[in-house]
4 protein chains.
Amino acid sequence: MQKIKVGVLGATGSVGQRFIQLLENHPFFTVSHLAASEKSAGQTYGQVMKSRWKISSDIPAYAKDIVITLPKPSETDGVKLVFSGLDSSIAGEVESEYAQAGVIVISNSKNHRMDANVPILSAEVNAEHLDVLSAQNTKGKIITNSNCTIMGVTISLKPLFDQFGLESVMLFSMQAISGAGYPGVPSMDILGNVVPYISGEEEKAEIEPQKCLGRVVDGKIVSADFKISAHCNRVPVFDGHTVCVSAKFKKKPNREEILKAWKEFSGEPQKLQLPFAPEQTILYREEADRPQPRLDLDTGKGMTTVVGRLREDSLLDWKWVVLSHNTIRGAAGAALLNAELMYKKGLIS
Amino acid sequence: MQKIKVGVLGATGSVGQRFIQLLENHPFFTVSHLAASEKSAGQTYGQVMKSRWKISSDIPAYAKDIVITLPKPSETDGVKLVFSGLDSSIAGEVESEYAQAGVIVISNSKNHRMDANVPILSAEVNAEHLDVLSAQNTKGKIITNSNCTIMGVTISLKPLFDQFGLESVMLFSMQAISGAGYPGVPSMDILGNVVPYISGEEEKAEIEPQKCLGRVVDGKIVSADFKISAHCNRVPVFDGHTVCVSAKFKKKPNREEILKAWKEFSGEPQKLQLPFAPEQTILYREEADRPQPRLDLDTGKGMTTVVGRLREDSLLDWKWVVLSHNTIRGAAGAALLNAELMYKKGLIS
Amino acid sequence: MQKIKVGVLGATGSVGQRFIQLLENHPFFTVSHLAASEKSAGQTYGQVMKSRWKISSDIPAYAKDIVITLPKPSETDGVKLVFSGLDSSIAGEVESEYAQAGVIVISNSKNHRMDANVPILSAEVNAEHLDVLSAQNTKGKIITNSNCTIMGVTISLKPLFDQFGLESVMLFSMQAISGAGYPGVPSMDILGNVVPYISGEEEKAEIEPQKCLGRVVDGKIVSADFKISAHCNRVPVFDGHTVCVSAKFKKKPNREEILKAWKEFSGEPQKLQLPFAPEQTILYREEADRPQPRLDLDTGKGMTTVVGRLREDSLLDWKWVVLSHNTIRGAAGAALLNAELMYKKGLIS
Amino acid sequence: MQKIKVGVLGATGSVGQRFIQLLENHPFFTVSHLAASEKSAGQTYGQVMKSRWKISSDIPAYAKDIVITLPKPSETDGVKLVFSGLDSSIAGEVESEYAQAGVIVISNSKNHRMDANVPILSAEVNAEHLDVLSAQNTKGKIITNSNCTIMGVTISLKPLFDQFGLESVMLFSMQAISGAGYPGVPSMDILGNVVPYISGEEEKAEIEPQKCLGRVVDGKIVSADFKISAHCNRVPVFDGHTVCVSAKFKKKPNREEILKAWKEFSGEPQKLQLPFAPEQTILYREEADRPQPRLDLDTGKGMTTVVGRLREDSLLDWKWVVLSHNTIRGAAGAALLNAELMYKKGLIS
C-alpha cells in the first residue's frame, strides 16, 4: 500500500511540532512538505529546530532533512493533504489557497471553523458532518478541529446530548500554558499565579460546541440550540486543560444512566480501528480527586477524555470535571484522527 | 487607654502565625496567651517556631518569649478574647470551653459556623448579626468567619443582593495552597498540576453565604434563600483565592448599577474607622485580565476584595471574577476586623 | 525459562511504586511478595493504593490482587530476591533479616551502603564489586544503589576517572521533589522557591562516589582517594536531578578526549544486553542550554545520563552539567539493572 | 531643601518599573523625565503601562501623567541625573550621550561596567571608587551596578576579603525569572524545570567581583586578583537569586571570625544614614535551611544580603549560601543607594 504524501503548515510552531512527532511512522501518511515563515524557509527542519524543538523526545529523523518552504501550494511536492498549525493571523488565507489548489486542509486554526460547510470535526462525535464537504466550492476541502478547551467537553457531552437532550451548560476552564504556543505565556505572568482571562477563548467556547453537536439537515450543519456560558482561565500547568462543567438536560438522567452513556460511547474511529483512536474515548475515574493533569493526561496516549467527580448540581442538573490533553486530543492528535477518518472513508485520493 | 488582653489558640499553625503577625502593635489588643498542642506546650513561642514560622517576616518580638500552654481556659492569664485558628478536629469542643469560661471566641474554624445564634460575621456585610449573641447561653460568646473561599464572594454579592435580590449563584474557585495549612498539600500533588477537589469545601461554599447574607428576625439569623452551586479546585498559587462567579438576580441590574454598587459599598468598619478596615472594601479593576493573585493580592493590605471582568452571562445574568487574600481577608484579618468591631461596639469588657 | 520470584519491600512508597511499575512484564522476574507497614498489611495492593498511586499510568494489573504483608522473610512465598524501597528508619534491620533468611536484597536505602563488603553497585561503573559479596557472612546478600543525586554524577566521572585520574570534584545539585518521597516536601516550602538544604544529602554525596569508583583489592572495596565538596539544593522540579560539576584531574584531558570517553563508555549491562540497559549510557548534548529536566529526562527511558555544557573551569580543570532521572536511573531502574546483572552472572539461584 | 530632578531611561521595562516604584516620595530626588522607545514616546506613562505594569502595587500617581520621551538628553527637562534600566543593545551609546550632555548616569546595564574609570559601585563595598570619576572625560559621569547575581555575593565576600584575603571562589547560582525582564523567560521553558544556562552570565560573574573588590591606585581601579568559577542556572522562582559559594582564603579564618566579620560589616550608606541603606547589610541566619527566597527576600526591604549555611568546604576553605533580591539590591535599589551616596557626598550639583 502506498502512503499518502502530506504536509505540515506552521511546522515550526507548537502544534506543528506535535504533528511532526505524531506522524512519525504513520501507517497511512508520509510527510514530504514542511512550511513555515520566511525566517525558516530554505533551511532544513533539523537546522531550524535545533534550539526550538520543545517536545521531550528528539526531532524525528525523517523530518530533519526536509527543507522548509513558504506555505504556498506551489511549493508542495504534490501532497494531497496538509495539517495546518498556522497562526490565525495568516491561517485563513493560506488554508483557502491550499484548498483552491486541490489540497485537503486539516486545520487546527480558528479561522474557518464557523464557515458554512466547514465542519468542526471530532471524529467520534460528528463523523457525519463530512457529508457537507461537497458543498465547499473548492477542489480541496477544509476541515477544522474545535478549540482545544472544548474538545474534551464536547466529547463528554455528546452521548448525554444524544440520549437526554441539553438545555444549558456552564463551563469553567483551567488551561495549560502550552495552549498559548511558544514563547506564549511569559513566566512572570503565570508562575505561582492564575490569569482569569484568555483572549477570544470564551467566545469560541460559547459557540463551537453547538456546531460540533449539530445535525446535518439538507446538506448543511445546523447547530444544536442549547446555551453555554464559559469562564476561561490560564493556570501554571504545562499540558492538559481541566474543565469544570455544570449542565441542565431536557430530561434529567440519573447517575447510572450518565456513567453508562460515557462508558459505552464510541464512534467511527473505534469501528474503523483508526490508528489514533483511543480504545476508550471517555474514561470515568471513581476517585474523589480526579482527573488531574499530572496523573491522567496520558490516558489512551493523550487521546482519551478523562472524566470524574460526577455529582448533582443544585442549580442545573449535574456537574463533573473533564480533562483532555490540549496538544494531542485538543489539537494535533484530533486532527490526525480526522485525517485517518477521511482516509478510511475514501475521501482522500 | 488600657489594651485588652487576648490570646491565640492554635498559635503554631498557619492561621495562628498570621494572627500573631497581624496583632503586633495592635492599638486595642495585647497578646498574653498562646495555646497549642502538647508537642509545643511548655516551651516559648520563639523556641518552637524557629524552624516552623512560614511568613516572610520575622516572628514578632513580643511573641517570642510567651510560653505556650495547652488550649485550656484555666491556662489563660485573664484574657477576655481569643482568636482561634484551631484545627477543626478539636476546635468545636475547645471553643465551647472558652465560651463557657466567659471568654469571647473569634473563630476561624468551621465547627460552630452553622450553629443557631452563632454569626458568620463579615464586618462590612452583616454587623447586625452581632445582635444574636445574647441568645448564646454562655458567658463568653462565639463568633465565626466564613470559609476563606466564599469570604470575598460574599462581599462582592452583598451590595448586589441588597439592591437587586439574588436568585442563584454559580461559583468556581481556584484556591491557594496556603488554604490547606502546613504541611498541607504535598508538592508532588500540586506542582504543575491542578486538583479539582477540596474535601468539604463545596459543601461549605453552598450554605455559608446564605447565612452570611441572612437577616436577623426575632433575634435569630434567617438565611437568605438563593441557591449556590460550587466547583472548588486547588491550584499552584501560594496565597490568594480566585473565584469565577455567575449570578442571577431577582431584578437584573445594568453594568453601571453593579459597578456603582461595588464602588460605594462600605460598612461599619469604615464608619468606625477600625484599624484593619480597608479604605475600599471592593475595588473593581478595569483591565481585561485582572484580578490576579500576583498583582492584586496585597490591595488594601490584603483586606480589599478585588473584582474584575464583569460581563453578561448567557445563562444567568452577570459574571465576574473575585480575588481575596485567603489568609488575611479570608481568615486572620477578617477575624481581627470582627474583634475590632466588637470592641468599638462595646461588646468586649 | 522460569522467572525468578521476587518481592518489593516498602511497596506503597514512591520508590516501591516505581519498582512495581518497572517490573511489569519483566523477562527475568515475577513479583509475588509485596511488603509494607501495618497500616497496609492484610489488604490487596489495589485497595491500598487506589488513592495513593502517584505515577501517571495505572497500577499494573498484576499487582492489584497481591495481598500486602509485613516486611518479614517468613511472609515471603519463597522469593529469592527483594527490591527494597524501605524508609531508612527501618531499612537497616529489615534488610539484614532478609539477607539472613537467604534472600538477596537489592536496596535503595542508605543504611548498608557504607558497610564493608556491601557494594554501592552501579552496573556500568563497578560490576566487579560483586566479587566482594562472598565476604558477606549471610546466606542472602545485600547490594545497594548510590544516593540518587550522585548516581548520574558518578557515571559521568567513571570514564574520566579511569583515563585521566581524579583529584577533586565540586558538586552543586538542583534536586527534584520526588527525591523526598510522598508526602515529602510540603508545597508551601517549595512552590516558587528553592531550599538550599537537604538533610544528610551532602554527607552522602561526599563519600559515596569514592566507594562507587573504588577498586576491589584482596576481596575488599577500597574507595578512590579524590575529594568532593557538595552543595545540595531542592528546586520545584517534579522528577530529575540536575548537577553542576567542576573537576580537577590528575592529568588534564582536552575537550575531545572527554567527549570521546563519554561517547564510548559502556559496561556489562550493554555487553550482556540487559533489559534495562540504556543503549547509550552517557549522552552528551551540544545545545548551549541542555540538559534540562523538561526535555531530557526520558532519554533512554530514564536510564541514560545526559551531560552538557562542557567548558573549562578557571579554578579546577573542566566543568559540565549532569541530569539523571532520580527515581529511575537514580533509584528503581538502577536497582533493577543491578538485579538483572546478578541474574545474568548466575548470582541468583 | 529643593529636590534634584532626575529621569529614568528604559522606564517601561522591568528595572525601569522598579525605579519608578522606589523613587516615589524620595527625599532627595523627584522624577521629571521618563524615556523609552518609539512605541511609547509621546504617550503618558499611565496610558502606556496600564496593562504592562508588573509590580504588585499600583503605578505611583506621580508617574502617571509624565509624557514619555525618547532617550535623548535634549528631551530632558534639565535633569541632573538619570537612572538607566536600558536594554544592553542600546544602553552603551545612549548612556554615553547623556554623560556627554552633562548628566550623571546611574546605570544598571552591563555596557560600561568594565570601562576604565567607570566604577562598578556597591555603596557599602567600594564607595572610594567614586574617586575615579574625575578621570571620565565627560561633563556627566557614568556609574554602574554589578550584575544582579554577584551583587550579594560580592557583599558577602567584602569583609572576608578585607580581613583574610581571597584566593579563589566557586559560585553556583539559582536565578529568578525576573532577572530576565519581561516578557523574558517563556513559561514553557521554566515551569517545573531548571535551565542550566544564562547567556553571558557566567562571563560577567567571573570578572565583575574582582573589579568591585579592587583598590584605587593612582586614580585608577585595580581589580583584585583572585579567581572565580561560576555555574549560572535559571530556576522557577519569581524574585531572588540564591547563590552557593565556596571560597579559599589567603589566611583561613575560623567560623567565629567569619560570622563576626559579616555581623559588623557596614559602610558609607549606614554612616551617612542614606534613605535606602539597610540597617543590617549582611544578615546571617542560623537555621539549617536558610536563606530561602520565599522567607528571606524582603529582609531590610530587599536591601539586606541574607547569608546562611556556613560550613567547612572539603576542597576550598568555607562554603555558604547567599540570597539577594535581584531587582532591588541587585538592580534598582542598589542604583538608588549609589545615587544617594553621590548626593550626600556632594557629587550631584
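Data for the structure
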item: Looking only at region D:230-244, and only at residues there that are outside any loop (DSSP other than H, G, I, E, B) and facing chain C (nearest Cβ under 7 Å), the one that is surrounded by the fewest Cβ atoms within 10 Å (Cβ to Cβ); result: D:ASN233
item: Residue ID - surrounded by the fewest Cβ atoms within 10 Å (Cβ to Cβ), chosen from residues in region A:26-56 that are touching a Phe, Trp or Tyr at 6+ places or on another chain (Cβ under 8 Å) and assigned to a loop (DSSP other than H, G, I, E, B); result: A:ARG52
item: Set C:PRO60, C:PRO71: member being within 22 Å of C:GLU340 (Cβ to Cβ) and under 23 Å from the mean Cα position of the chain (by Cα); result: C:PRO60
item: Options A:SER109, A:SER96: the member that is part of a loop (DSSP other than H, G, I, E, B) and either small (Gly, Ala, Ser) or buried (at least 24 other Cβ atoms within 10 Å of the Cβ) (or both); result: A:SER109
item: Search result, residues across region D:159-191 that are polar (S, T, N, Q) and out of contact with any Leu (no Cβ under 9 Å at 6 or more places or on another chain); result: D:GLN163, D:SER173, D:GLN175, D:SER178
item: Pairs with Cβ under 8 Å, 6+ apart, first in region C:53-78 and free of Cβ contacts under 8 Å to residues at least 40 places away in the same chain and under 15 Å from C:VAL6 (Cβ atoms), second outside any loop (DSSP other than H, G, I, E, B) and small (Gly, Ala, Ser); result: C:ILE66/C:SER32; C:THR69/C:ALA35
item: Test: residue in region B:203-223 that is polar (S, T, N, Q) and facing chain A (nearest Cβ under 10 Å); result: no
item: Odd one out for C:ILE328, checked against (1) at negative phi; (2) in contact (Cβ under 8 Å) with a residue 12 or more places away in the chain; (3) facing another protein chain (nearest Cβ under 10 Å); result: (3)
item: Among (1) out of contact with any Ser or Thr (no Cβ under 9 Å at 6 or more places or on another chain); (2) modelled with pLDDT of 95 or more; (3) over 30 Å from A:TRP318 (Cα atoms) - the single one B:ASN137 does not satisfy; result: (2)
item: Subset of region D:33-52 [touching a residue at least 40 places away in the same chain (Cβ under 8 Å) and not aliphatic (A, V, I, L, M)]; result: D:HIS33, D:ARG52
item: Residues located in region B:181-199, provided they are modelled with pLDDT of 95 or more and either of a type in the set (Gly, Ala, Ser) or in the same structural domain as B:GLY16 (by TED's automatic domain parsing) (or both); result: B:GLY184, B:SER187, B:GLY192, B:SER199
item: Any hit, region A:318-341, residues being assigned to a loop (DSSP other than H, G, I, E, B), more than 22 Å from A:GLN270 (Cα to Cα) and not acidic (Asp, Glu); result: no
item: Count - residues of region A:181-202 that are more than 9 Å from chain B (Cβ to nearest Cβ) and touching a Lys or Arg at 6+ places or on another chain (Cβ under 7 Å); result: 2
item: Scan of region B:301-317 for residues that are of a type in the set (S, T, N, Q) and facing chain A (nearest Cβ under 8 Å), ordered by number; result: B:SER314
item: Search result, residues across region B:190-206 that are over 20 Å from the mean Cα position of the chain (by Cα) and not in a loop (DSSP other than H, G, I, E, B); result: B:ILE190, B:VAL195
item: So A:LEU166, is it within 14 Å of chain B (Cβ to nearest Cβ) and surrounded by 18 or more Cβ atoms within 10 Å (Cβ to Cβ); result: yes
item: Hey, C:THR154 touching a helix residue (DSSP H, G or I) at 6+ places or on another chain (Cβ under 6 Å) and assigned by TED's automatic domain parsing to the domain that holds C:GLY181 or not; result: yes
item: Helices (runs of 4 or more DSSP H) enclosed by region C:245-300 - at least 1 residues per element that are modelled with pLDDT of 95 or more and within 11 Å of chain D (Cβ to nearest Cβ); result: C:293-296
item: Test: residue in region B:14-24 that is outside the structural domain of B:MET303 (by TED's automatic domain parsing) and in a loop (DSSP other than H, G, I, E, B); result: yes
item: Residue match in region A:133-144 (condition: in contact (Cβ under 8 Å) with a residue 24 or more places away in the chain and within 14 Å of chain B (Cβ to nearest Cβ)); result: no
item: Lone unmet requirement of (1) in a helix (DSSP H, G or I); (2) within 20 Å of the chain's Cα centre (by Cα); (3) in contact (Cβ under 8 Å) with a residue 40 or more places away in the chain for A:ILE90; result: (3)
item: Selection status of A:PRO209, surrounded by fewer than 22 Cβ atoms within 10 Å (Cβ to Cβ) and either part of a strand (DSSP E or B) or in contact with a strand residue (DSSP E or B) (Cβ under 9 Å, 6 or more places away or on another chain) (or both); result: no
item: Matching residues in region D:115-174 - criterion: being in contact with a Gly (Cβ under 8 Å, 6 or more places away or on another chain) and of a type in the set (Asp, Glu); result: D:GLU124, D:ASP131
item: Members of region B:57-69 found to be surrounded by fewer than 15 Cβ atoms within 10 Å (Cβ to Cβ) and either part of a loop (DSSP other than H, G, I, E, B) or among the polar types (S, T, N, Q) (or both), listed by number; result: B:SER57, B:ASP58, B:ASP65
item: Residue tally, condition over 16 Å from B:GLU286 (Cα atoms) and basic (Lys, Arg), over region B:257-272; result: 1
item: Residue, nearest to the other protein chains (Cβ to nearest Cβ), within region A:51-82, restricted to residues that are among the basic types (Lys, Arg) and within 20 Å of A:GLN21 (Cβ to Cβ); result: A:LYS54
item: Options A:SER173, A:SER178; residue that is buried (at least 24 other Cβ atoms within 10 Å of the Cβ), within 14 Å of another protein chain (Cβ to nearest Cβ) and not in a helix (DSSP H, G or I); result: A:SER173
item: Residue within region D:332-345 that is surrounded by fewer than 21 Cβ atoms within 10 Å (Cβ to Cβ) and either within 14 Å of chain C (Cβ to nearest Cβ) or charged (D, E, K, R) (or both) present; result: yes
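Results for (1) touching a Phe, Trp or Tyr at 6+ places or on another chain (Cβ under 9 Å); (2) of a type in the set (Val, Ile, Thr), shown as yes or no for each residue.
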residue: D:VAL216; (1), (2): no, yes
residue: D:LYS220; (1), (2): no, no
residue: D:SER223; (1), (2): no, no
residue: D:ARG234; (1), (2): yes, no
residue: D:GLY240; (1), (2): no, no
residue: D:ALA247; (1), (2): yes, no
residue: D:LYS250; (1), (2): yes, no
residue: D:PRO253; (1), (2): yes, no
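The values are calculated or read from the model by the stated rules, or taken from the named source; none is laboratory data. Keep in mind that this is a model prediction, so the values were computed, not measured. Glycine also receives a Cβ, built like all others from the backbone with ideal geometry; neighbour counts cover every protein chain displayed.
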